[in-house]
1. What nm distance separates the two modelled labels at residue A:502 and residue B:85, each placed 7 Å from Cα along Cα→Cβ?
2. Compute the FRET efficiency between residue A:440 and residue A:663 as 1/(1 + (r/R0)^6), taking r as their Cβ-Cβ distance and R0 = 22 Å, and round to the nearest 0.05.
3. Quick check: from the Cα gyration tensor, does the stretch A:599-725 come out rounded (a/c under 1.5), prolate or oblate?
4. Largest first and to the nearest Å, give the Cα extent of the stretch A:539-655 along each principal axis.
5. log₁₀ I(q)/I(0) of the stretch A:552-602 at q = 0.19, 0.20, 0.22, 0.31 Å⁻¹, via Debye over equal Cα point scatterers, no solvent, to two decimals?
6. Using the count of nearby Cβ atoms within 10 Å as a rough guide to exposure, how do A:208, B:34 rank from fewest to most?
7. Take the alpha-carbon centre of the stretch A:188-232, take the same for the stretch A:260-300, and report the distance between them in whole Å.
8. Just to confirm my numbers, what's the Cα centroid distance between the stretch A:538-558 and the stretch B:89-128 in Å?
């Protein structure tokens, strides 16, 4: 198919299953994660003393004993730090938003368990940790609130005294004529869904190393981040330095998933201390700190009302979303992310034309929450698909039939949905039909006894038809009023003097495989092998400016920038090759590392010789007229619209009647992310995303007690899935290429988790439906499920 | 702080002698004293398995072991698996099956599974998953790791069982 602005070459790398280039170092233990970055001589180790209380006033801090410990260089309190780092804000003044600030270390009030109150600089990490035990803080404990609904009450303890209540942000909208349509429908169903708070639990905890560059009076911050360029903007802003004196570099990063796309206090502390003490400063968190302080996600309550007709057609949907935002808004996304992404994702693949929402982000005395794979989409999709199942049960219709009557149909694309999402292409019905075929839906239902109990397990099947909004460009972030998220990305591609290709991009990687997928795109553009393409990025010191790695932007925006830059480079290479071959640039074809004249393969020149000529490495002048030395191109890419992938997930579960344990016995996905760069990697994203969704659906939960004390701060208490929990997915792809972006790609990073929550929740709901159990909350741990079974039986 | 003690170990065939505090964890010894940063710390409380190494032929969590406990012993870390440029059958199978994404947990999986394949040359999927359940991976969802183990086991059997 022809895509406007398409500059694809003739190659065949894109679309192929290619094992990753980055594997070779990682498999040998030769990766460089943050704690592996060589420590310069004299590195000091920073440790943060953290509040044991969710809400307290700091009366006094005694540091003398800690300071006296051998190997301790300094103990610095929040008040002292405040002179170097002003409190930073996650949000900006605008209607519906309230400004709140976070000091890098608490000065007078702590607002969650884990809030930093003092830091230690010591000669090694063991001593730094010892010294934390010798800092004595006198706290005046204050009433705390950890639950979102409690925090909304008029007499709730306030998290920020400068605010009138705990609502950090609120918004809403109602389509014209909503009320009439809602009331005119044949039926109305209401439900409340509670979605558990979860943690990203990247296997590599956070950490950073700030290196003072004395000759430049500058600091290089090595940090495990998804967004080096955004971090540099924030650090320069809050420390009041020119950006030229801050370099942010991400080495190999051991998992991101969203929580690593924010500026954290420890990064500001390390940079400020490195400059203050004129030496390298390193901070590596442990898993306890990760659970206490790395931004968490979800913790939502959805009140949903659906109005529908006798035939199952949904006429109108109303939703109220309350999001537990935690103690602070985070830079650069603010507190708007989760509350507004819920309603935006709710219509998903469905055609209803009336929609009303209200949403709030609510401060509590808990760890701040923010982006985690899928943001609110997995939660709101669980609510929407849950309602589809309830409609089917209420009307006595098949769940598939109810969905079919409401899905955007194949002949309706391009389609603009009720919240103005532009679905340029998609395959909602096709994916569902193929998934049903793969799982033999009819056979499954026929073989199951009416009470659904087989071998002591209730058997259920759950269907989720989902969309995945990703690859957002500038328009999206500007519409949300986020000044520090530009939305575009950049690639710089050069043919080096030895004829190999090197590209730097504004992306950093946390396991996505950009070194391979971007190389595949370039290889096609330039007619070379991916073995001859090196991809670098993640370092503001040597890669071009751009937004960074989140929201399934890699292929769409990063890939788009890479494609544009290498397309420009290709045209320049053609001019040089044409000059050497005495032909017209229009007749030059790049293939197999050579440039040849179309149809006359024996008239060829290697890219090595082209590069030698272009860099002046020849005996005579071989520069084409009007051309300059060098072969490089830089290009930005800002996609005109978000890309919207889609999928159908079907989960088959067995619920042990005696123990309540849910086992996912079979899991089918038919997925459409447009043009696929590398099927092996897309499948990996989906399998991994489903595993995270399965974890949230069945076991994971960050728990706070009523006083805001965390009860789930180890991997023994917070259980992520093991190999015994996650089945191997049965997976197929349908390709509906995007026709409104340069590569035809759509995002693939988040769809797995978006589908898993609704598929598994609906499957358990189906398994227990004969008992009348109402599955409307996560996680579905054995005790919860047993309660549902027993409650229903009682 | 207690008096330092000398620890002599052989890691990947090379002898190391260092004076360290008795409380130093073996993983810190390997990473910071020996400069072998391929062994990673994921949780430091013995759950995730990222720090798994082989100590005198047996896989152990190096975050739950003190360096002094390794005195006189032989250690293999992930850096000791590949022979120059050529990967082991297990590493090669991880590569071909896309059994790693961020790669942070991978060294622990490789060390645990190297031992497993030596003991269990012909494992079924249940045995593989049982073994894998001692290591946590947050990226892959495990399916490709299972496939990689199956592929490596088959190739090793064909080669005669030497990894």
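Values in this text are rule-based calculations from the coordinates and carry no lab data. Here the structure is a predicted model, which means the values were calculated and not measured. Heads up, the Cβs are rebuilt from the backbone with ideal geometry, glycines too, and the neighbour counts pull from every protein chain shown.
1. Label-label distance for residue A:502 and residue B:85, simple model: 2.2 nm.
2. Numbers: r = 19 Å, r/R0 = 0.87.
FRET efficiency, residue A:440 to residue A:663: 0.70.
3. Numbers: a/c = 3.72, a/b = 2.60, b/c = 1.43.
Here the stretch A:599-725 falls in the prolate category.
4. On the principal axes, the stretch A:539-655 reaches 76, 38, 26 Å in Cα extent.
5. Debye intensities relative to I(0), on a log10 scale: -0.63, -0.67, -0.74, -1.11.
6. On the way: A:208 29, B:34 19.
Final ranking by Cβ density, sparse to dense: B:34, A:208.
7. 8 Å
8. Each part's Cα centre sits 32 Å from the other's.
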